[in-house]
């Protein structure tokens, strides 16, 4: 039996006065939900994505929420030049960046015996190395300011096994390890790095690329009998970005109701 999602949570100014940069913020997934929640919590936001049209649509939707158009910048996290240009644009537009939300990632389904090098490298390059590049590029700015928060998007598949997901699970496990190790390196500079690990977040794009029988199976594993709304995951990202999580760093927070 499915337990319906709760009412949408109104903003409480948890990020009032903060400047936030969100990658892969276009479309209907967690990235856009995170950007929207940050705006609703009082932050100034810059959104980035590789898709120009979808990024423009995201800007329009966020403008409806706040009454002012957020800054935006195209970026392919595969490309170091793009990453450096995004960080420079964010600092120029916002003055400084308080929070970076690393959401860019790529999925796919293939068994190991049939997986090509290209499939493996594509997922690792965007999901893990892209997160590394963004983190590496942002840290000098945050270290100089002795302040900053990075929130990474991992997955419960970094802990749990699922058929056909070896490349994605390996990448997300890598994001978890990157989160923990880098957090220790920069703690002395007042910079915090944490991650969320969603189990199943429901949105239209997921339904397009995932067979319905698999979605039904995954939902059945959840205690609520449904996947999370993307904003339910974004709420936890906002918590990690806010001062309410001031003593947390190097942590991976599961956003899941999944049971064995």
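Nothing in this text is a laboratory measurement; each read-out follows from the coordinates by a stated rule. For clarity, every value in this text was computed on a predicted model and none was experimentally measured. Counting neighbours? That spans all protein chains shown, and the Cβs are built from the backbone with ideal geometry, glycine included.
How high is the relative contact order of region 19-255, in percent, with contacts defined as C-alpha pairs under 8 Å that are six or more residues apart?
Numbers: 444 pairs, mean separation 46.7, N = 237.
Relative contact order comes out at 20 percent.
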Name the residue, out of 198, 70, 140, whose mean-square fluctuation peaks in a Gaussian network model built on the chain with Cα pairs under 10 Å. 140
Kirkwood Rh, the chain, all Cα pairs: how many Å? 18.4
Could you identify which residue out of 213, 49, 81 has the top mean-square fluctuation in a GNM of the chain using Cα springs shorter than 10 Å? 213
First obtain the Kirkwood hydrodynamic radius of region 1-103 from its Cα pairs, then insert it into the Stokes-Einstein equation at 10 °C and 1.306 mPa s, and state the resulting D in µm² per second as a whole number. 114
Could you list the residues of region 119-141 with an amide nitrogen less than 14 Å from a label point located 7 Å from the Cα of residue 162 in the Cα-to-C-beta direction? none
Using mean Cβ contacts within 10 Å as the protection proxy, how do 215-224, 54-63 order, highest first? 54-63, 215-224
Neighbour counts of other C-beta atoms within 10 Å: give me 155, 111, 257 arranged from fewest to most. 111, 257, 155
I need the shape label for region 64-158. Rule: rounded when a/c is under 1.5, else prolate if a/b > b/c, else oblate, with a, b, c from the alpha carbon gyration tensor. prolate
Got a sec? How would 75, 38, 181 order by Cβ neighbour count within 10 Å, fewest to most? 181, 75, 38
So, relative contact order of region 149-260 in percent, Cα under 8 Å, 6 or more apart, is 36
Mind telling me which of 247, 121, 168 comes out most flexible in a GNM of the chain, alpha-carbon contacts under 10 Å? 247
If you take the beta carbon distance between residue 189 and residue 66 as r and set R0 to 35 Å, what does 1/(1 + (r/R0)^6) give as a FRET efficiency, to the nearest 0.05? 0.70
So what's the angle, to the nearest 10 degrees on a 0 to 90 scale, between helix 52-66 and the longest Cα principal axis of the chain? 70
List the residues of region 85-111 whose backbone N lies under 20 Å from a point placed 7 Å from the Cα of residue 121 along the Cα-to-Cβ direction. 105-111
The exposure ranking of 248, 46, fewest beta-carbon neighbours within 10 Å first, is 248, 46
At R0 = 35 Å, how high is the FRET efficiency between residue 91 and residue 114 if r is their beta carbon distance? Nearest 0.05 is fine. 0.20
Quick check: Cα centre of region 1-71 to Cα centre of region 97-171, how many Å? 20
